[in-house]
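Enquirer: Take a look at this one; I'll ask things after.
The values are calculated or read from the model by the stated rules, or taken from the named source; none is laboratory data. Bear in mind that the values here come from a model prediction, so they are computed numbers and not experimental data. Note that each Cβ is placed from the backbone with ideal geometry, even for glycine, and that neighbours are counted across all protein chains shown.
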Amino acid sequence: MKKFLLVLLGSVMTLVGALWTMQGLGYLAGSAMTDVSMWAVVGPIVGGLGVALLYVALRGAVASRRD
């Protein structure tokens, strides 16, 4: 159950980070976040943390299959 929650949280963080980056860079319009450079900085940070969380959550699954 813990692994599932970590994978879910990491996936959501990665997608939200990508969304915020696209809005901050002005590729996705229609939001107060469009063309605001702060979101072009915060987005990749959140997305990177999401990828790192996915790596940590899935690393154990791959390691246990090798044993």
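Enquirer: Considering each residue of the range 20-50, count those that are in a loop (DSSP other than H, G, I, E, B) and of a type in the set (A, V, I, L, M, F, W, C), and give that number.
Expert: Selection size over the range 20-50: 6.
Enquirer: So, one more: Mind counting the residues in the range 1-18 that are buried (at least 18 other Cβ atoms within 10 Å of the Cβ) and of a type in the set (A, V, I, L, M, F, W, C)?
Expert: Number satisfying all stated conditions: 1.
Enquirer: For the range 19-38, check the following and say yes or no: at least one residue is modelled with pLDDT of 90 or more, under 26 Å from L58 (Cα atoms) and surrounded by fewer than 17 Cβ atoms within 10 Å (Cβ to Cβ).
Expert: No, that holds for no residue.
Enquirer: May I ask you to verify whether A61 is in a helix (DSSP H, G or I) and either modelled with pLDDT under 95 or surrounded by 15 or more Cβ atoms within 10 Å (Cβ to Cβ) (or both)?
Expert: Taking the combined requirement at face value, the residue satisfies it.
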